[in-house]
Protein chains: 2
Amino acid sequence: MTAEDAEVDAEENKSLRSLRKPLRPLRFSRVMETKPIDFKVVATEDHARAGILTTRRGEIETPVFMPVGTAGTVKGIRFESLEAPDLNARIILGNTYHLWLRPGIEVIKACGGLHNFIGWERAMLTDSGGFQVWSLAEIRKVTEAGTEFRSHIDGALCFLSPEISMEVQAALGAEIAMAFDECPPGQIEPEVARQSMELTLRWARRSKDAFEVAQVANLRAGGSQDSGAQINNLRYRQALFGIIQGASHLDLRRESLERTVEIGFDGYAVGGLSVGEEKPLMLDIIEDIAPRMPADKPRYLMGVGTPEDLIEAVARGVDMFDCVLPTRNGRNGQAFTSRGTLNIKNARFATDTRPLDEACSCSVCRRHSRAFIRHLYLAGEMLASILLTHHNLVFFLDTLRRVRQAIRSGQFAKFRREFTEQFSFGLE
Amino acid sequence: MTAEDAEVDAEENKSLRSLRKPLRPLRFSRVMETKPIDFKVVATEDHARAGILTTRRGEIETPVFMPVGTAGTVKGIRFESLEAPDLNARIILGNTYHLWLRPGIEVIKACGGLHNFIGWERAMLTDSGGFQVWSLAEIRKVTEAGTEFRSHIDGALCFLSPEISMEVQAALGAEIAMAFDECPPGQIEPEVARQSMELTLRWARRSKDAFEVAQVANLRAGGSQDSGAQINNLRYRQALFGIIQGASHLDLRRESLERTVEIGFDGYAVGGLSVGEEKPLMLDIIEDIAPRMPADKPRYLMGVGTPEDLIEAVARGVDMFDCVLPTRNGRNGQAFTSRGTLNIKNARFATDTRPLDEACSCSVCRRHSRAFIRHLYLAGEMLASILLTHHNLVFFLDTLRRVRQAIRSGQFAKFRREFTEQFSFGLE
């Protein structure tokens, strides 16, 4: 780090401490020289890596699980709880597709970007919308230009492209943005998969170009506005990750990786997994691809997965994860525990005064019984979702905390064996 | 307080500190000598009173607003938030009707009573079920014996009587229980109102008798069980409040009061108001009745009301309140503020970065904007209800905190004038 970098950093830190104060303008060239993120691997055990991802909103120890904040809220939990010591999420996800459709980008811009809009000062990552268009939109037409689809909210005809996604993500202002990709189903023919992969590569290039333009535009807009607060988190270059596609075909995956790296991104993600293919196949692809991904950049496996998936992917060299499982399944009455999953609807818990997980010390397990949470669930009380969501997120984040600790102390192989054994053991 | 009383108190305090430890048996006669609650008026201004209500689970400053925890949860809020410094609820309500139907009293007994079941160590009050039968049940037949009705959950035929209500409330184990009453509509003819009032009086007598029996039975059951944890909060006599009825007829109200006091209770409630009658009529009745209620016992106005109602009732001598307004209206998008109510759905808030109430320092107002909460509400996100509920409860409890402070410093008349003026002023 140069002295000038250090000065910029100090300035950035200061600005974070006083979000509401106007900042004095920075020269554009100087800012662009600043790396948007930094990543260091601090320990390895076979392919597993423990690292530190530094953003301007704090350090994130990896491997990390990022709770999904679809529409600007991690469903069913207050931001204070995400920051509480038992959970302590350092980075959360925002969905470009959802936020773009509602409340819309003009509202979020008027409220000073996504962080200010939702009231979250820690790091964020936004996806590109590619996956949501594929999984949520009702009708769609994929052309070279982009994707045409109907909004899942009101059926309105919408169009998303690399350029639009980058513009939206620049306005949202998360520390990490994602390239706009096409996400094909897991089990498609090689020719179709190749066409899709080639399209994703062309979109990756356009994403990168549009991203640079959007960054410059944001910086200029920032410089021309009076209110520092309004544009604070748009003033610095965001990081952009590329996405590796190629369905279930290893040769395509390898080619996608190589050509995505050629374009050059701040980090790399594996997309299009956990979309219906067999689980062993998913792990085979990760096993082959992850170790080939640039070692000095974070490796992000999108939309995965179960606690076991996370640990298996870490063993193969992955650093970052996101998934709706802990929150969505929590709302559906499922708790993740050290002894596997627990369905709170089960009659056997009617008078069970034990916590969800006897090995857990989260604020829910310290206070509430299975019997009470079951009652809440059956009575349709919101608190059931709130408590299950909180516990499940703690379970996911705490599992990765233990993973990091194990890698750093050279005990990951042992941890992986013991965790898997216990998790598959089932409740007493 | 005698030396023996002090010893009993010390023992009680000790037992509260170690809820899970078995207690050594107490002699029944000794426990019955202990007062279930204590109430002292510490300041007055005209009819308004500031007091301290002492229960075995802590002191409660009055006038007090009790959040409604219908089915064992104050809807949309974690218990940690109820205890947080900005809210600090000292007593909450539980609904006998709801808890009796679901999860049922056997479940709650098996989990050690209502406090243990839900994980709340502060004070509670349970209603008798009389009002819910009237307001929720689909079919009902009122006889001398009790009320026959169909459950609003599954249509099952149920029967509630003074004896059953007392047995259930004893099992729930709240610090304060309520007599079982008939709640007639506000606008009924004097003859029908008299019949209903006479029935409520006979039920009040039966409630008191059954309550004493249930207390003794609970104490005996407690003594015969091995686990101290299971019966901890059933070991001491609960308080029982009588309920004054008489619809909108002052003469009936006065007679009901006089004859309820003759039976003798630990506190007195005014029931059957805020059930469709005109608001001035409600205040007229309170103005006439409240000052006639025993001065050395807490006066509780059931199911009331708006912030203005609370202040007007305090001015007439009421000490305790409960109402679903802050929670229910919060879930429906309404915020209470120092400048009146605010409908978060309103388009004018789309990019309004101000907090719900600019004069509020609750955890919601310190962090989130109207624009964000509006977005959450329109997106159907649970967090909208969670945030509005929290803010509204803070507004109600904080208003009563200011009321208490005003009475203690002889500034209540001024406070009442200023609050009302500002509250009716409307948002800018």
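The values are calculated or read from the model by the stated rules, or taken from the named source; none is laboratory data. Keep in mind that this is a model prediction, so the values were computed, not measured. Positions of Cβ are generated from backbone atoms using ideal geometry, with glycine treated the same way; all protein chains shown enter the neighbour counts. Areas reflect the complete protein model, heavy atoms only, side chains present, ligands, DNA and RNA absent. Shrake-Rupley method; radii C 1.70, N 1.55, O 1.52, S 1.80 Å.
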- Message: Of the residues B:GLU308, B:GLU287, B:GLU312, B:GLU358, only one is among the charged types (D, E, K, R), open to solvent by 10 Å² or more (accessible area, probe 1.4 Å) and part of a loop (DSSP other than H, G, I, E, B); which?
- Response: B:GLU358
- Message: Quick check on B:TRP100: is it part of a helix (DSSP H, G or I), modelled with pLDDT of 95 or more and open to solvent by 40 Å² or more (accessible area, probe 1.4 Å)?
- Response: yes
- Is it true that some residue in segment A:405-421 is part of a helix (DSSP H, G or I) and within 14 Å of chain B (Cβ to nearest Cβ)? no
- Query: Before we move on, is B:SER151 under 18 Å from B:ALA171 (Cα atoms) and open to solvent by less than 10 Å² (accessible area, probe 1.4 Å)?
  - Reply: no
- Consider B:ARG78 carefully, then state whether it is at pLDDT below 95 and either open to solvent by 10 Å² or more (accessible area, probe 1.4 Å) or within 15 Å of the chain's Cα centre (by Cα) (or both). no
- Checked segment B:108-124 for anything touching a Lys or Arg at 6+ places or on another chain (Cβ under 6 Å) and either open to solvent by less than 10 Å² (accessible area, probe 1.4 Å) or more than 10 Å from every other protein chain (Cβ to nearest Cβ) (or both); matches are B:ARG122, B:ALA123
- Note on the structure: Inside segment A:342-355, the number of residues satisfying the requirement of being assigned to a strand (DSSP E or B) and either aromatic (Phe, Trp, Tyr) or open to solvent by 20 Å² or more (accessible area, probe 1.4 Å) (or both) is 1
- Could you run through segment B:397-414 and say how many residues are open to solvent by 20 Å² or more (accessible area, probe 1.4 Å) and either more than 24 Å from the chain's Cα centre (by Cα) or small (Gly, Ala, Ser) (or both)? 5
- Filter segment B:125-148 down to residues that are among the aliphatic types (A, V, I, L, M) and buried (at least 23 other Cβ atoms within 10 Å of the Cβ) and give me whichever is modelled with the lowest pLDDT. B:VAL133
- In segment A:68-97, anything more than 9 Å from chain B (Cβ to nearest Cβ) and in a helix (DSSP H, G or I) is listed as A:LEU82, A:GLU83, A:THR96, A:TYR97
- Task: Kindly provide the set of residues from segment A:322-341 that are under 16 Å from A:ALA89 (Cα atoms), open to solvent by less than 30 Å² (accessible area, probe 1.4 Å) and touching a Lys or Arg at 6+ places or on another chain (Cβ under 9 Å), ordered by number.
- Result: A:THR327
- Can you name the condition, by its number, that B:ARG102 falls short on among (1) assigned by TED's automatic domain parsing to the domain that holds B:ALA179; (2) among the charged types (D, E, K, R); (3) farther than 19 Å from B:ILE153 by Cα? (3)
- Task: Please note which helices (runs of 4 or more DSSP H) are completely contained in segment A:103-181 and include at least 1 residues that are of a type in the set (Lys, Arg) and closer than 26 Å to B:ALA371 by Cβ.
- Result: A:105-110
- Query: Of all residues in segment A:379-396 being without any contact (Cβ under 8 Å) to a residue 12 or more places away in the chain and not aliphatic (A, V, I, L, M), which is most open to solvent (accessible area, probe 1.4 Å)?
  - Reply: A:GLY380
- Task: Tell me, yes or no, whether segment B:361-378 has at least one residue that is open to solvent by 20 Å² or more (accessible area, probe 1.4 Å), of a type in the set (A, V, I, L, M) and outside the structural domain of B:THR306 (by TED's automatic domain parsing).
- Result: yes
- Query: Based on what the data block shows, is A:HIS375 under 20 Å from A:ASP398 (Cα atoms), in contact with a Gly (Cβ under 7 Å, 6 or more places away or on another chain) and not hydroxyl-bearing (Ser, Thr, Tyr)?
  - Reply: no
- (1) within 11 Å of chain B (Cβ to nearest Cβ); (2) part of a loop (DSSP other than H, G, I, E, B); (3) surrounded by fewer than 24 Cβ atoms within 10 Å (Cβ to Cβ): which one isn't true of A:LEU427, the others all being true? (1)
- Starting from segment B:401-414, take each residue that is within 14 Å of B:GLU312 (Cα to Cα) and among the charged types (D, E, K, R) and list its partners that are modelled with pLDDT of 95 or more and assigned to a loop (DSSP other than H, G, I, E, B), counting only C-beta distances under 9 angstrom and pairs at least six apart or across chains. B:ARG404/B:PRO63
- Message: If a residue must be modelled with pLDDT of 95 or more and not acidic (Asp, Glu), how many such residues does segment A:174-192 contain?
- Response: 6
- Message: Regarding segment A:31-45, can at least one residue be identified that is at pLDDT below 50 and in a loop (DSSP other than H, G, I, E, B)?
- Response: no
- Item | Identity of the residue in segment A:83-97, open to solvent by less than 40 Å² (accessible area, probe 1.4 Å) and in contact with a Gly (Cβ under 9 Å, 6 or more places away or on another chain), that ends up farthest from A:THR70 (Cα to Cα) | A:ILE91
- Flagged in segment A:361-396 as within 9 Å of chain B (Cβ to nearest Cβ), more than 23 Å from the chain's Cα centre (by Cα), among the hydrophobic types (A, V, I, L, M, F, W, C) and assigned to a helix (DSSP H, G or I), in numbering order, are A:ALA371, A:PHE372, A:LEU376, A:LEU378, A:MET382, A:LEU383, A:ALA384
- Query: If you take the residues of segment B:50-67 that are open to solvent by less than 10 Å² (accessible area, probe 1.4 Å) and in contact with a Ser or Thr (Cβ under 9 Å, 6 or more places away or on another chain), which of them is nearest to the other protein chains (Cβ to nearest Cβ)?
  - Reply: B:PRO67
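Every residue, every condition in (1) of a type in the set (A, V, I, L, M, F, W, C); (2) closer than 30 Å to A:GLU428 by Cβ, yes or no:
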residue	(1), (2)
A:LEU257	yes, no
A:ILE263	yes, no
A:PRO291	no, no
A:PRO298	no, no
A:GLU308	no, yes
A:ASP322	no, no
A:THR327	no, yes
A:ARG331	no, yes
